[in-house]
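Colleague: Mind having a look at this structure? Questions to follow.
The values are calculated or read from the model by the stated rules, or taken from the named source; none is laboratory data. As the structure is a prediction and not an experimental result, all values here were calculated from the model. Cβ placement follows ideal geometry from the backbone for every residue including glycine, while neighbour counts extend to all protein chains displayed. Surface areas here come from the heavy atoms of the whole protein model, side chains and all, with no ligands, DNA or RNA. Shrake-Rupley method; radii C 1.70, N 1.55, O 1.52, S 1.80 Å.
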Amino acid sequence: MRKVSRLLCVVVALGAVSFGQSLTQADRDKGVAYLEKTRDGVVAATKGLSEAQMKFKPAPDRWSVAETLEHIALAEGFIFGNVTDKVMKAPAGAADRDVAATDAMVLAMLPDRSRKAQAPPPLVPTSHATPAENLDLFLKGRTKTIAFLQATPDLREHVVDSPLGKPLDAYEWLLFIPAHSERHTKQILEVKADPNFPKK
């Protein structure tokens, strides 16, 4: 009887751990809302700009609105591909991972423009596509990201290292995407706020 009791305790404990690491519907809804909000932010920040405004650079070593938009579009597919090709094939993380704290870290660190970051070579703008083409690429990618978040059940169960200094699960990597686009939407707004930004 004692063995059965002990076994039941183990099963209950494992169930609690498993439940604690599962993605809640509230988290899923929050992620989708953030993806939609930051998508709309990119659209609003780039809407109605002339070619001169798109190409204006505040300094030789800073990106234009067009270059920043291209970077956002490239990163959308790049990070999403990392999630589907790498993260979703990775094992689970530690059972005691504090997912709420790590979620919050992603949402705080990525959009923070006071923290400088260097874009990896595949995400450096090349101006090979027009702003309209890059916006279309971004919107199609964001639609795919949202659908994946809505339909994939085991996003908490795969964890890999990240450039933030902490391992992230697949859900947190999906949060990384809109947090990244929020960061660079702020960059676009900084360019537009430059006193030399063309009036039209």
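Colleague: For the full complex of protein chains and a 1.4 angstrom probe, list F197, F78 by accessible area with the highest value first.
Modeller: If we order F197, F78 from most to least accessible, we get F78, F197.
Colleague: Go ahead and set up a Gaussian network model of the chain, Cα springs under 10 Å, then flag whichever of L175, L69, L23 fluctuates most.
Modeller: L23
Colleague: In addition: Can you give the accessible area per residue of the range 62-200, in Å², using a 1.4 Å probe?
Modeller: That works out to 49 Å² for each residue.
Colleague: Report the calculated FRET efficiency for E190 and A151 (r = Cβ-Cβ distance, R0 = 30 Å), to the nearest 0.05.
Modeller: Calculated transfer efficiency: 0.25.
Colleague: Relative contact order of the chain, please, whole-number percent, based on alpha carbon pairs below 8 angstrom and at least 6 residues apart.
Modeller: Computed over the chain, the figure is 40 percent.
Colleague: Under Stokes-Einstein, with the Kirkwood radius over Cα pairs standing in for Rh, what whole-number D in µm²/s applies to the range 22-165 at 20 °C and 1.002 mPa s?
Modeller: The diffusion coefficient I find is 126 µm²/s.
Colleague: Carbon and sulfur together cover what percent of the accessible area of the range 74-163 at a 1.4 Å probe radius?
Modeller: Result for the range 74-163: 60 percent of the exposed heavy-atom area is carbon or sulfur.
Colleague: Say we join alpha carbon atoms closer than 10 Å with springs in a Gaussian network model of the chain; which of E133, E182, E172 then has the biggest fluctuation?
Modeller: Result for the chain, Cα springs under 10 Å: E133 fluctuates most.
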